[in-house]
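Visitor: Below: one structure in structure tokens.
Bear in mind that the values in this text are calculations on the coordinates, not laboratory data. These numbers come from a predicted model, not from an experiment. Here the Cβ positions follow ideal geometry from the backbone for every residue, glycine too, while neighbour counts run over all protein chains shown.
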Amino acid sequence: MAAGVKPADRGRGRGVQSGVSRIPPRRCAVIGAGVLGASVAARLAAAGAQVTLLEQDQPGRATSRWSLAWLNSNDKFPRPYHDLNHAGMRAWAELAPDLDGAAWYRPVGHLELAATAGQAEELTARVRRLTEWDYPAQLIAPEAAAALEPALRMPARPAAAAWFPGEGYLLTGPLIERLVARAIGHGATVLTGDQGRVTAIAGGQVRTAAGATVEADEIVCCAGRWTPRLAELAGAAPGSVPLVPWDTAGAAAPGFVVRAGPVTAPGLTRLMHTPDLALRPHPGGLLHLEAPDAAVDLHTSQAELQNWAAELLRRAQRTVLGLEDARVVRYQVCVRPMPADGQSIVGRLPGADHLCVAVTHSGVTLAAHLSRLIAAELTAGAPPAELAPYRPGAARAA
Ligand SMILES: Cc1cc2nc3c(=O)[nH]c(=O)nc-3n(C[C@H](O)[C@H](O)[C@H](O)COP(=O)(O)OP(=O)(O)OC[C@H]3O[C@@H](n4cnc5c(N)ncnc54)[C@H](O)[C@@H]3O)c2cc1C
């Protein structure tokens, strides 16, 4: 749609049919087309809302592009947050058959190895707790781990191994393409680049850098780490959306991702964690690698990043077969949109006109379910009890 054309005009006539009065569709502006915004736009449009999805770049190019995208509720507290994530995993399984899941849904299970007695004790306690919480988890023998993952270079004496058969990962690129296409198929308008870059929010209007104005009954902000900035644009007090700092030196929210390849047979098939590495297959014959101790931020020098990238590749070569000819293809510092309590902030923002925010870590695991809850609330006026703990300003359980 050309900039400056008000989306309100598009839906004219849709609210009245054959002389029978109907409630006109809700006009919803969704800001941000990462995994969360694309999911929300698709759900709202499918529920009959008149949706405009605004993205300052192209869809899926920010945090969602670099995510490990591990579908899990493996170590989430407290119990309601665990249950929310578990529901998130089920929601992707439900959506996959209906949205070309073969292109993006990888329910391959997750294998975890512990190296020391202390790590084995923690893993054993976690498996016990998850089993009590009806979450698929089991301790397995080293031979069973080797059988599950033929590419694994089994350490001489792993202290423990665990298998989480209900977990897996998503390919966010093809997924977001399909979510955006689904939204468009249900009548949504997608504005990108300067046409989609939101610069002002006031009185139920969203204005963009290209000068367009989008009228909306509801504005849903899914702008990831930029959410606090947009909330303030809409009139919310500073600090209303408390995120872990991400742009200062030493900030904890940034993560480091390496993509390495080529992988030769037998390639890794599962998502795996060892104490010093997370890895999974990635399209193009690559592996996606992360390390818990890679302390980088947006100010780390290129030389240091290259050292870390080489170190992650060495760790991967020690962990799995098939990387003998591999090199680092890409490395990236990326930023987790991380609410200060490590959970989620979802709901209408006091002081911000028409604005509902949705920002969360574990956004890949949660997007299919959170988007369903948000769409139900905004189109059917049914605030889900499940979201009560995550409302802006709500006191969080630890
Ligand atoms: C290294 C790493 C590993 C992770 N691992 C996992 C994992 O294993 N499992 C899991 O569930 N989660 C994981 N996460 C977290 C998960 O990736 C994020 O929670 C999720 O991608 C956030 O999606 P989003 O759509 O909220 O944000 P984003 O993908 O960042 O999208 C926000 C969008 O908003 C747009 N935007 C911002 N400002 C404006 C504006 N003014 N106007 C218009 N558009 C705007 C941006 O351009 C961007 O496209 C990981 C994150 C990182 C960094």
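Visitor: Rounding to the nearest 10 and keeping the result within 0 to 90°, find how far the Cα-based axis of helix 172-185 lies from the longest principal axis of the chain.
Guide: Approximately 20 degrees, to the nearest ten.
Visitor: For a Förster distance of 22 Å, can you work out the FRET efficiency between the beta-carbons of R61 and D100, rounded to the nearest 0.05?
Guide: 0.60
Visitor: So what's the angle, to the nearest 10 degrees on a 0 to 90 scale, between helix 302-319 and the longest Cα principal axis of the chain?
Guide: Orientation of helix 302-319: about 60 degrees from the principal axis.
Visitor: Once the Cα atoms of helix 117-132 and of the chain are each reduced to a long axis, what angle between those two axes, in degrees from 0 to 90 to the nearest 10, is obtained?
Guide: So the inclination is approximately 50 degrees.
Visitor: Further question: Once label points are set 7 Å from the Cα along Cα→Cβ at both A200 and D217, what is their separation, rounded to one decimal in nm?
Guide: Result: 2.5 nm between the two label points.
Visitor: Label-point separation (nm) for Q138 and A376, each offset 7 Å from Cα along Cα-to-Cβ?
Guide: Taking the simple label geometry, Q138 and A376 are separated by 3.2 nm.
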